[in-house]
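The values are calculated or read from the model by the stated rules, or taken from the named source; none is laboratory data. Since the structure is predicted, the reported quantities are computational estimates derived from the model, not experimental observations. As a convention, Cβ positions derive from the backbone with ideal geometry for all residues, glycine included, and neighbour counts pool all protein chains shown.
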Amino acid sequence: MEGYHGKFLKVDLGSGTISEFNLDPDDLVRYIGGSTLGAKLIYESLDAGRDPLDPASPLVFSAGPLTGSVFPMVSRSVVCGISPATGIWGEATTGGTFPVRLKASGFDGIIVTGRASKPVYLYVKDGSADLYEAKTLWGKDSYATQELIRKQRHDTHAAISCIGPAGEQTVKFACIMNDGGRAAGRCGLGALMGSKKLKAVVCSGNRKVAVADEERIKGLVKNLRATVGNHLMTAPYREYGTNLWMDFGMRLGDVPAKYFTKSVFPSKKISGGAFREKYQMRNYACYGCPIGCGRLIPEAGDGIGQVDGPEYETTAAFGPLLMNFDIDTIVRANHLCNLHGLDTISAGVSIAFAMYLFEKGKLTKEKAGMEIRWGDGKAILKLINLIIRKKGIGKLLAEGTREMARVLGVSQDEAAHVKGLEVPMHDARAFVGMALTYATGPRGACHLKGDYFTIDTPADGVPELGIFAGDKNLSLGKAVSVARFQCYTELYNSLTLCKFAPYTASQICEMLSAVAGWTLTPQDLLTFGERSLNLKRAINNRLGISRGDDTLPRIVTKALSEGATAGQEPDMALMLKDYYDYMKWDWETGKPTKEKLVALGLETQARDLWHV
């Protein structure tokens, strides 16, 4: 079992019992780790009639075989569960130091069920675990929580994954914070954690796993560091972080503005360069990363002190999407979300929807209790605070755009979500491959499963897997490449591996061989990813998802009259049919066919979905 401890920690908060269970070596070969192994564990206890916030609903923290190794850019871990935001499969990844400490604690992951009678936190170190009372931590923000626990445990090496007040209030898009401002951001898993009265998971220790070939790993590390150092995007990421995309993306029509109704705006005001000019920003990196795309702002003004700088998605969500071009407001909005544990994408989209409806008169001042106008920085910050506390209009916004539309009697075609998850900050009209990705992704609208805009930019694609850059506006023939890329990027959350790691498929095979002893080809990676996608699709099918849910709201596909995408719309019907044909999903039901599931070794799912 090289690359693994071969065991998970199991915690029942209702009874307070803590145990461990061994992992089947065959399951590790089949599901690898991370979110795919998490999906396998969650599937075993799946109940279609159960509320996601029911005590029996499991929450999984999971690492992968590469986590904790000496390879660069592998300090990632995954949090999984049935999403309170969407009611279907949910996963969120995070970096920093926590993933390495999770693996070093002596376990490959942790599965939590039940609900504590009072707030607690879990402390795991060197193969043992205990629950501690967290009454004095309940109500504390995420930064204070991390600092207080570190002092309580007298463990300077401990890494802490925790919720803030938004998770405690079960805000539907609450996230889980670690290492200061790192976030497992999407799908509202902070609400699931809060519903269990679990304030934090604390990991420490020095447990190591055996590896297949230590000498080969040393040679690979040298080559991988050279790959990263020589890559054309390394220096820009180090200098500007992910917000380097703002200027370039706007010129491609890829940055949504004014709630997905515009694409042209003064990008220079909020670009990576503008942040560099305004603030004395410092870099920070996840454990073992040679790039350091994280931003720290030592002094944000108004007595706030040091804060984590916003990345691209956050800057776009609190910037052009709201027609706000004040950097200070964006920084403060990001800091509020980090403090209280709130997904910045869903928060920004929900506020933008409120502004859109206010302008149209569908949300009045009387209903909202305030004016909600485009670009109003004070209103933006006030709404974030109301969402965190679920007070006033914030109580409705805390439910997300799908519920906002339902309550306010607005068409779902005006609500920017897919399956309940708000659409991220890459425009479906700029890269039609992203439109298909959003419609079919296992957790709803997700720009990372897979991030097809990186293929059609243009870039080199993934030649080993037959994935090449094409016409970003052409729907014909796009589906097969999108599906293959989804399968490939699905693997990253299983290994776990940073999405910015510029490794080839062959290099990833070598990494797995050196760590776990497996002999793999690039095509094997696609098979792993395909199995993962179909397993999560089976979960979603059992929770009620069908072909009719694989769609995009009109607000994000309707042709604009300006910018690089003027007059363009993705042909969703064409791409979806091609996608279903390639993936071998049944057109009538939206389920993977029985034959496809069996071919992938998912016999249990084939029986459950097709009753054979």
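Scanning for something touching a strand residue (DSSP E or B) at 6+ places or on another chain (Cβ under 8 Å), surrounded by 13 or more Cβ atoms within 10 Å (Cβ to Cβ), touching a residue at least 12 places away in the same chain (Cβ under 8 Å) and among the small types (Gly, Ala, Ser), does segment 590-605 turn up at least one residue? Looking through segment 590-605, none of the residues is touching a strand residue (DSSP E or B) at 6+ places or on another chain (Cβ under 8 Å), surrounded by 13 or more Cβ atoms within 10 Å (Cβ to Cβ), touching a residue at least 12 places away in the same chain (Cβ under 8 Å) and among the small types (Gly, Ala, Ser).
Residue by residue through segment 289-310, note down the ones that are surrounded by fewer than 20 Cβ atoms within 10 Å (Cβ to Cβ) and either basic (Lys, Arg) or touching a residue at least 40 places away in the same chain (Cβ under 8 Å) (or both). Matches in segment 289-310: 290, 292. Return yes when residue 332 is more than 19 Å from the chain's Cα centre (by Cα) and either part of a strand (DSSP E or B) or among the charged types (D, E, K, R) (or both) and no when it is not. In short, yes. Quick check, is residue 267 buried (at least 24 other Cβ atoms within 10 Å of the Cβ) and over 21 Å from the mean Cα position of the chain (by Cα)? Taking the combined requirement at face value, the residue does not satisfy it. Of the helices (runs of 4 or more DSSP H) lying entirely inside segment 230-320, those containing at least 1 residues that are of a type outside the set (Gly, Ala, Ser) and in contact with a strand residue (DSSP E or B) (Cβ under 9 Å, 6 or more places away or on another chain) span 234-240, 245-251, 272-278.
Kindly evaluate residue 575 against the criterion of being modelled with pLDDT of 95 or more, under 29 Å from residue 69 (Cα atoms) and out of contact with any Asp or Glu (no Cβ under 8 Å at 6 or more places or on another chain). So residue 575 does not fit the description; no.
Here is a yes/no grid of residues against (1) surrounded by fewer than 18 Cβ atoms within 10 Å (Cβ to Cβ); (2) closer than 12 Å to residue 493 by Cβ:
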position	(1), (2)
36	no, yes
47	yes, no
57	no, no
63	no, yes
66	no, yes
70	yes, no
73	no, no
79	no, yes
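Residues in segment 461-491 that are within 16 Å of residue 504 (Cα to Cα) and in a loop (DSSP other than H, G, I, E, B): 461, 466, 468, 469, 491. Just one of the numbered conditions (1) over 24 Å from residue 459 (Cβ atoms); (2) touching a residue at least 40 places away in the same chain (Cβ under 8 Å); (3) touching a Phe, Trp or Tyr at 6+ places or on another chain (Cβ under 8 Å) is not true of residue 498: (1). Contact map, segment 3-24: residues that are at positive phi paired with residues that are acidic (Asp, Glu), Cβ distance under 9 Å, separation 6+ or inter-chain. Pairs shown: 6/108.
Condition check ((1) in a strand (DSSP E or B); (2) without any contact (Cβ under 8 Å) to a residue 12 or more places away in the chain; (3) under 23 Å from residue 558 (Cα atoms)) across all residues:
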{"position": "387", "(1), (2), (3)": "no, no, no"}
{"position": "399", "(1), (2), (3)": "no, no, no"}
{"position": "407", "(1), (2), (3)": "no, yes, no"}
{"position": "410", "(1), (2), (3)": "no, no, yes"}
{"position": "428", "(1), (2), (3)": "no, no, yes"}
{"position": "434", "(1), (2), (3)": "no, no, yes"}
{"position": "437", "(1), (2), (3)": "no, no, yes"}
{"position": "447", "(1), (2), (3)": "no, no, yes"}
{"position": "459", "(1), (2), (3)": "no, yes, no"}
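Restrict the check to segment 526-534 and report whether at least one residue is crowded, with 24+ Cβ neighbours inside 10 Å and within 17 Å of residue 575 (Cα to Cα). No: zero hits. In segment 376-394, is there at least one residue being touching a Pro at 6+ places or on another chain (Cβ under 7 Å), surrounded by 19 or more Cβ atoms within 10 Å (Cβ to Cβ), of a type in the set (A, V, I, L, M) and modelled with pLDDT of 95 or more? Yes, because at least one residue in segment 376-394 is touching a Pro at 6+ places or on another chain (Cβ under 7 Å), surrounded by 19 or more Cβ atoms within 10 Å (Cβ to Cβ), of a type in the set (A, V, I, L, M) and modelled with pLDDT of 95 or more. Residues in segment 211-239 that are in contact (Cβ under 8 Å) with a residue 12 or more places away in the chain, farther than 20 Å from residue 509 by Cα and among the polar types (S, T, N, Q): 1 in all. Of note, residue 99 does not satisfy the criterion of being in contact with a Gly (Cβ under 6 Å, 6 or more places away or on another chain), touching a residue at least 40 places away in the same chain (Cβ under 8 Å), more than 26 Å from residue 606 (Cα to Cα) and buried (at least 21 other Cβ atoms within 10 Å of the Cβ). Of all residues in segment 1-56, those satisfying the criterion of being touching a helix residue (DSSP H, G or I) at 6+ places or on another chain (Cβ under 8 Å) and in a helix (DSSP H, G or I) are 27, 28, 30, 31, 34, 35, 36, 37, 39, 40, 42, 43. Inspection of segment 470-485 identifies at least one residue that is aromatic (Phe, Trp, Tyr) and buried (at least 23 other Cβ atoms within 10 Å of the Cβ).
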